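Reviewing the structure listed below.
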Amino acid sequence: MKKRNKVSAEFSMSSLTDIIFLLLIFFMLTSSMIQINMELPQSSSKTVAPTDYTVMMTKAGKVSFNGKPATFGQIEGLIRQAMIDDSNQENATVAIVAEVGVPWQKVSDLMEVASKLKMRAIIATQPPK
């Protein structure tokens, strides 16, 4: 008598879990998980605007562009370079995240840089306590 081989209708779940694990790692690494641990100016405004670029300034003088450390003199060049690679150049927006105590002249200078590059500048605030 000839023995019949039955084809199993099951499939291995191990490859599916590997793919899900790799997707999880990909999204964790590509998402921006920036925590702002500084005191921002207070505002009663409820407007939430989308931003393309973020410039953070602390009262200690540290400046960062999109989470990467930079100097204030490099900011214009970094924004200009990022705009070259961006497809949304006509509606580009820079968010200025300035800690309470940052000299207003620094914020004003950054707004002038944004104006020179023909982009909008938004100052990040926190809701009143």
(request) Report the residue count in region 59-83 for those that are outside any helix (DSSP H, G or I) and loosely packed, with under 15 Cβ neighbours inside 10 Å. (result) 8
(request) Considering each residue of region 84-101, count those that are assigned to a strand (DSSP E or B) and either touching a helix residue (DSSP H, G or I) at 6+ places or on another chain (Cβ under 9 Å) or of a type in the set (S, T, N, Q) (or both), and give that number. (result) 4
(request) Tell me which residues, restricted to region 117-129, are in contact with a strand residue (DSSP E or B) (Cβ under 7 Å, 6 or more places away or on another chain) and either of a type in the set (Gly, Ala, Ser) or surrounded by 12 or more Cβ atoms within 10 Å (Cβ to Cβ) (or both). (result) Met119, Arg120, Ala121, Ile122, Ile123, Ala124, Thr125, Gln126
(message) For the list (1) more than 29 Å from Lys129 (Cα to Cα); (2) among the polar types (S, T, N, Q); (3) modelled with pLDDT of 85 or more, I need the number of the one condition that Ser108 fails.
(response) (1)
(request) Being in contact (Cβ under 8 Å) with a residue 12 or more places away in the chain and either surrounded by fewer than 12 Cβ atoms within 10 Å (Cβ to Cβ) or part of a strand (DSSP E or B) (or both) is the filter here, so list the residues in region 102-116 that pass it. (result) Lys116
(request) Considering only residues that are among the aliphatic types (A, V, I, L, M) and in contact (Cβ under 8 Å) with a residue 40 or more places away in the chain, look in region 41-58 and name the one that is surrounded by the fewest Cβ atoms within 10 Å (Cβ to Cβ). (result) Ala49
(message) Return the residues of region 72-88 that are among the polar types (S, T, N, Q) and under 14 Å from Met57 (Cβ atoms); say none if nothing qualifies.
(response) Gln74
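The values are calculated or read from the model by the stated rules, or taken from the named source; none is laboratory data. Worth saying up front: this structure is predicted, and the values here are computed from it rather than measured. Please note: Cβ atoms are built from the backbone with ideal geometry, for glycine as well, and neighbour counts cover all protein chains shown.
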